[in-house]
Amino acid sequence: MTETKATCCYCGIGCGVLIQSEGQQVLGVRGDPAHPANFGRLCSKGSTLHLSANSLVQQQVRALYPEMRGSRGEPRLRSDWDTVLQHLAGQFARTLRQHGPDSVGFYISGQLLTEDYYVFNKLAKGLIGTNNIDSNSRLCMSSAVAGYKQTLGADAPPACYEDIALAEVIFIVGSNTAYAHPILYRRIEDARLANPNLKVIAVDPRRTDTAREADLHLAIQPGTDVALFNGMLHICLWEELVDGAYIAAHTEGFAELKQTVRDYTPAYVAQTCGITEADLLQAARWFGQSKATLSLYCQGLNQSASGTAKNAALINLHLATHQIGKPGAGPFSLTGQPNAMGGREVGGMANLLSGHRDLANAAHRAEVAALWGVPEVPAAPGKTAVEMFEAVRLGEIKILWIVCTNPAQSLPEQNLIRAALEKAELVIVQEAYASTATVPYADVLLPATTWAEKSGTVTNSERRISRVNAALEQPGECRHDWEIATAFARKLEALLEKPATLFPYDTPEQVWNEHRASTRGRDLDITGLSYAILENQGPQQWPYPEGAAGGKQRLYEDGVFATANGRARFVNTAYQPVKDAVDARYPFALNTGRLRDQWHGMSRSGTVPQLFAHVAEPAIAMARSDMERRFLNSGDLVHVTSRRGSQILPVQESDEQRAGQVFIPMHWGEEFLSGRGHGGQASYGVNTLTSPALDPSSRQPELKAAAVKILKAELPWRFLAFGWVPQEQAWRLQQALRPLLREFAYASCTPFGREKTGILLRAADDYAAAPELLQKIETLFGIHGAEVLRYDDARRGNARHILVKNGALAAVSLAGDISAESWLKAYLLEQEPVAKLGRLLLMPSTSAPQGFKPRGKVVCSCLNVADTEIKATLAKLDGSADQLLAGLQTRLKCGTNCGSCVPEIKKMILFRDGVPA
Ligand code: SF4
């Protein structure tokens, strides 16, 4: 077995991993003890990466060969690289001649390595001459970029992970860090243990695990962050907590801002944000009085039509109180994706250029043109993510090349996104996974390598660049993303009769060296770095200019900022209510966000059944008071309807939600959640509902605030099929079931299991489905033939069909009355012998067999510990909260591996008597 150094491909914390492999098999993964992001730790997602690389799974979900189709409606057929790339170069050359360079667009990804990003950016801006290249990082970080640039002058997070241990106050805003960045959250837990005086303030409309564990939770109304930050600054001014000398020496624009925040009185802010004045005062005092305040923030600030203002208002607060440029302090934006930072560094977006240069700056364009050896870089800004799809829908962009991202899952207002994908003259999808919702729209599918197969670099949230090494050979005919772009570019150069000079790369290191040269003299200067240094001395932070002994841990310690005059700029921010506001017709504010164990559209994490143990199926979370008023019970189906579309979902009572607010995890797209749709419009999961309202500066859409109405879905007929499936067939089964889900008003399909793989399909409708459809589904689950035990009551529309193998349940289908679901599922999961149940197996009774106790929800997915086991053990323990946690960890081992479940276990301890503390 060999161990290969790489990084986790999920979030922007950028944990180092050691991939354990033998030949073409990944056998395991462990945290890299030498990596400064995680020092060996991994969360529930990172520690199961090897399961996602399982070859039995990979051979079912991967795109392995180039494919293309003659015309729309025809199936794609296997082809070869030369034919496909020649065909694409010809199509591009024709379209460019007829319609100009802006008739094509590239939609790329924060999952790409820096080298991939660099080549695509150069292809679009240097060879083709269009700035129509944008990234899914637009959905994630562009407000953070705009906020940093407007205030500090450069897109550079000034703090580092070590600052968590040095802070006196940690201000977490719009981030459920415990779920979204678990390894960083472990550092916060460590810091609290080391310093009992450390104060943690969490600002979040939801009472998430992160918020509940904070010393102070400000459950603000969605979108009121700017009012909060301006209000805190108002108090800091009033109580003389601002640093006048620092403001005078190192900033500009404070006088104007001071005028604005004068109006943000505690009474006004408390009312606007829906919090108490006392909590507001406490937050401002802790923030301003502390020797070191560190803000950690993420999509709650960024995914907003006023995301840039939210970022800037928070940075204003740091500048005014001098909570920046010193140990333990600073505004620290946490990156969502693993290499959103690298993409920003190479300028792989519609408004950026290589080396943190600006497209709008003529001198910057000239510098990049000179670096690349092209006459010019086009000046007109390109289309950003949502705008690019709108331009496709309007016929302005004719060819769309999508790389390593799944817009048919992740972009808002899916009905329009799908219309754009239908309208495009040519859709190219460059992907590792053939299973995403976007792939069916591909006229050309280009198979790409993925985690464990790629070599290059990534940059994490704290500006730290890591080398990523390949542990496996490229499977099938997959190619690296930078290689595909390079091969295509060379063919296009020939057809456009341009000199073949722009893409001389044979290795990722050659690409990276060119990127490095483009950073000379810039804020992110890495001219002192090399692949060799990264390999021999480990990951390094930028800037790291030529001659430096190392990277810079913390920025702006000298009070000199990356602006023309070296002064930071206060931005005069005013609060604007959310664009898609609630009203009498759409009375609920819909928020979206992450689950603990899933990642984005789940193309990778969705192939690991174990990661569904924590949250098994889609649902919308709602406050108990709202459910009671609407006579809803957990599990009831509801129509969730926004101004853009509708999606049916089960409702789930949640103590995290305030009245008037609901929450759907961002992960549930068409791949797992489906149905016929409503009012003549199809439903494609959560982003059927979300809003495409854009921030005016960052062009980031408002994914976290959409007005919706919620009505009970009267769908009396229910259907459920679940069973074990051989691992080498499970994902093909799921894909075969996907089109059938559209036959029902509501349907979802998710995997389950641990050592074995199971698939569960749930459906509902207002009438019984056609027997042929149900038979088709049962056949796919293997429920056919003489071995199947059957109960059918055609008059009542009830059926129970059970396949028993080796004395245990192998697969079950229930139609009509599905009330036996919980115990039949438990019997199947536990592989309980069923011979003793006799006729009970088929009796139309709702009661479970005597002595049956449902196992409940798995809390610790690493060690497979369920909530029922934790509650039963807690009942036998006494002591303080810390002692109870230690007792549970000793007896059940829960929370002793990756630690991602510890906040939830603490919540169970807090609620153990049913009364929240
Ligand atoms: Fe991966 Fe978890 Fe580390 Fe993020 S915190 S990089 S998901 S292991």
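Summary of computed values
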item	result
Counted residues, segment 1-18 - those being surrounded by 19 or more Cβ atoms within 10 Å (Cβ to Cβ) and either within 12 Å of the ligand (Cβ to nearest atom) or farther than 20 Å from Gln337 by Cα (or both)	12
Subset of segment 580-632 that is outside any loop (DSSP other than H, G, I, E, B) and within 16 Å of the ligand (Cβ to nearest atom) - its residue that is surrounded by the fewest Cβ atoms within 10 Å (Cβ to Cβ)	Gln610
Every pair of residues 6+ apart whose Cβ atoms lie under 6 Å, when the first sits in segment 683-697 and is farther than 13 Å from Trp668 by Cα and open to solvent by less than 20 Å² (accessible area, probe 1.4 Å) while the second is outside any loop (DSSP other than H, G, I, E, B) and not charged (D, E, K, R)	Ser691/Ala706; Asp695/Ser143; Asp695/Gly307; Asp695/Thr308
Residues of segment 77-92 classified as under 9 Å from Lys491 (Cβ atoms) and among the aliphatic types (A, V, I, L, M), total	3
Criterion violated by Arg72 - all others in (1) away from the ligand (no atom under 15 Å from the Cβ); (2) in a loop (DSSP other than H, G, I, E, B); (3) at pLDDT 95 or above; (4) not acidic (Asp, Glu) satisfied	(3)
Subset of segment 454-501 [under 23 Å from Gly28 (Cα atoms), under 23 Å from the mean Cα position of the chain (by Cα) and among the aliphatic types (A, V, I, L, M)]	Val458, Val468
Selection count, segment 748-767, where residues are closer than 14 Å to Leu51 by Cα, of a type in the set (D, E, K, R) and touching a residue at least 12 places away in the same chain (Cβ under 8 Å)	2
Every residue from segment 875-896 that is surrounded by 17 or more Cβ atoms within 10 Å (Cβ to Cβ) and either within 16 Å of the ligand (Cβ to nearest atom) or among the aliphatic types (A, V, I, L, M) (or both)	Leu884, Leu885, Leu888, Leu892, Gly895
Residue pairs meeting the criteria (Cβ under 7 Å; at least 6 apart or on separate chains; first farther than 17 Å from Gly601 by Cβ and touching a residue at least 60 places away in the same chain (Cβ under 8 Å), in segment 42-53; second more than 8 Å from the ligand (Cβ to nearest atom) and of a type in the set (Lys, Arg))	Ser44/Arg596
Test: residue in segment 508-518 that is assigned to a loop (DSSP other than H, G, I, E, B) and modelled with pLDDT of 95 or more	no
Residue within segment 901-908 that is within 16 Å of the ligand (Cβ to nearest atom), of a type outside the set (D, E, K, R), in contact (Cβ under 8 Å) with a residue 24 or more places away in the chain and not in a loop (DSSP other than H, G, I, E, B) present	yes
The lone exception for Asp443 - which of (1) in contact with a helix residue (DSSP H, G or I) (Cβ under 8 Å, 6 or more places away or on another chain); (2) crowded, with 21+ Cβ neighbours inside 10 Å; (3) among the acidic types (Asp, Glu) it fails	(1)
One residue from Tyr118, Tyr148 being farther than 26 Å from Ala485 by Cβ, buried (at least 21 other Cβ atoms within 10 Å of the Cβ), more than 16 Å from the ligand (Cβ to nearest atom) and of a type in the set (Phe, Trp, Tyr)	Tyr148
Any hit, segment 187-203, residues being touching a strand residue (DSSP E or B) at 6+ places or on another chain (Cβ under 6 Å), closer than 22 Å to Gln299 by Cβ and either open to solvent by 20 Å² or more (accessible area, probe 1.4 Å) or among the small types (Gly, Ala, Ser) (or both)	yes
Every residue from segment 25-57 that is more than 10 Å from the ligand (Cβ to nearest atom), touching a Leu at 6+ places or on another chain (Cβ under 9 Å), outside any loop (DSSP other than H, G, I, E, B) and open to solvent by 10 Å² or more (accessible area, probe 1.4 Å)	Gln25, Val26, Arg30, His50, Leu51
Residue pairs meeting the criteria (Cβ under 9 Å; at least 6 apart or on separate chains; first under 13 Å from Cys11 (Cβ atoms) and among the aliphatic types (A, V, I, L, M), in segment 181-198; second open to solvent by 50 Å² or more (accessible area, probe 1.4 Å) and within 16 Å of the ligand (Cβ to nearest atom))	Ile183/Arg41
Residues located in segment 493-521, provided they are surrounded by 15 or more Cβ atoms within 10 Å (Cβ to Cβ), within 20 Å of Gly355 (Cβ to Cβ) and hydrophobic (A, V, I, L, M, F, W, C)	Leu502, Phe503, Val511, Trp512
Qualifying residue in segment 698-709 (condition: assigned to a loop (DSSP other than H, G, I, E, B), at negative phi and hydroxyl-bearing (Ser, Thr, Tyr))	yes
From the options Arg490, Arg467, residue that is at pLDDT 95 or above, in a strand (DSSP E or B) and either among the charged types (D, E, K, R) or open to solvent by 10 Å² or more (accessible area, probe 1.4 Å) (or both)	Arg467
Sole residue being assigned to a helix (DSSP H, G or I) and modelled with pLDDT of 95 or more, chosen from Asn197, Asn230	Asn230
Helices (runs of 4 or more DSSP H) lying entirely in segment 335-417 (those with 2 or more residues that are closer than 27 Å to Ala517 by Cα and open to solvent by less than 40 Å² (accessible area, probe 1.4 Å))	340-345, 362-372
Boolean, Ser21 is among the polar types (S, T, N, Q), open to solvent by less than 10 Å² (accessible area, probe 1.4 Å) and more than 15 Å from the ligand (Cβ to nearest atom)	yes
Failed item, numbered, when Ala63 is tested on (1) within 16 Å of the ligand (Cβ to nearest atom); (2) out of contact with any Ser or Thr (no Cβ under 8 Å at 6 or more places or on another chain)	(1)
Those strands (runs of 3 or more DSSP E) lying entirely in segment 720-793 with at least 2 residues open to solvent by less than 50 Å² (accessible area, probe 1.4 Å), under 25 Å from Tyr433 (Cβ atoms) and among the hydrophobic types (A, V, I, L, M, F, W, C)	746-752, 757-765
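Residues checked against (1) farther than 25 Å from Glu396 by Cα; (2) touching a strand residue (DSSP E or B) at 6+ places or on another chain (Cβ under 6 Å); (3) not acidic (Asp, Glu):
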| position | (1), (2), (3) |
| --- | --- |
| Val61 | yes, yes, yes |
| Leu64 | yes, yes, yes |
| Glu67 | yes, yes, no |
| Gly73 | no, no, yes |
| Trp81 | yes, no, yes |
| Gly100 | no, no, yes |
| Ile108 | no, yes, yes |
| Gln111 | yes, no, yes |
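Quick grid of which residues meet (1) part of a loop (DSSP other than H, G, I, E, B); (2) open to solvent by 20 Å² or more (accessible area, probe 1.4 Å); (3) modelled with pLDDT under 95; (4) not aromatic (Phe, Trp, Tyr):
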{"site": "Thr95", "(1), (2), (3), (4)": "no, no, no, yes"}
{"site": "Gly110", "(1), (2), (3), (4)": "yes, no, yes, yes"}
{"site": "Gly126", "(1), (2), (3), (4)": "no, no, no, yes"}
{"site": "Asp134", "(1), (2), (3), (4)": "no, no, no, yes"}
{"site": "Ala156", "(1), (2), (3), (4)": "yes, no, no, yes"}
{"site": "Ile172", "(1), (2), (3), (4)": "no, no, no, yes"}
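The values are calculated or read from the model by the stated rules, or taken from the named source; none is laboratory data. Note that the structure is a prediction, hence the values are computed from the model and not measured. Note that we place each Cβ from the backbone using ideal geometry, even for glycine, and neighbour counts take in every protein chain shown. Heads up: the accessible areas ignore ligands, DNA and RNA and are worked out on the full protein's heavy atoms, side chains in. Shrake-Rupley method; radii C 1.70, N 1.55, O 1.52, S 1.80 Å.
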